[in-house]
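Shown next, in structure tokens, is the structure this report addresses.
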Amino acid sequence: MPPRVEPMAEALAGELIGASVTIHRAPGVTPLPLEGTLVDESLKTFLVRRAADGRVLRIQKTGLEGTLRLAAGEIPLKGDSLRHRPEDRTKRLAPRGRRT
């Protein structure tokens with residue numbers, strides 16, 4: 001039997017681009033909360049298209065706290081735990097089964 005994977009980890013292992021996000025805390029970002037759509041991701045930053053005016057903001061993952069809305073539901077977002085390259089995150093959090 002494959003190991004049980006936490007639903008939140010499984011959801012974060014997938015693609016985050018296009019997800020709705022609400023940022024409650026982020027150094028240097030005002031006004032908060034910031035509502036928008038995640039349009040790109042790098043090792044240390046998210047690019048978020050602000051819902052209010054469509055402006056794209058680069059937001060550091062360090063210190064970021066918020067909520068991510070995916071098909072799996074609302075997931076708490078902690079930027080420090082996602083400080084990986086997006087392609088590494090998908091490998092790291094993906095469920096692993098037994099090799100045959």
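What the table shows:
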read-out: With all protein chains modelled, accessible area of Asp80 [1.4 Å, Å²]; value: 90
read-out: Spin-label pair Thr62/Thr30, simplified geometry with 7 Å Cα→Cβ offset, distance in nm; value: 2.1
read-out: Heavy-atom SASA rank of Glu35, Glu15, Glu65 (probe 1.4 Å, accessible area, largest first); value: Glu15, Glu35, Glu65
read-out: Amide H contacts under 5 Å for Ala51, placed H, 5+ residues apart; value: Glu35, Gly36, Thr37
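The values are calculated or read from the model by the stated rules, or taken from the named source; none is laboratory data. What you see is a predicted model; the values in this text were computed from it and never measured. FYI the Cβ positions are ideal-geometry reconstructions off the backbone, even for glycines, and counts take in every protein chain you see. All accessible areas refer to the heavy atoms of the entire protein, side chains included, with ligands and DNA or RNA removed. Shrake-Rupley method; radii C 1.70, N 1.55, O 1.52, S 1.80 Å.
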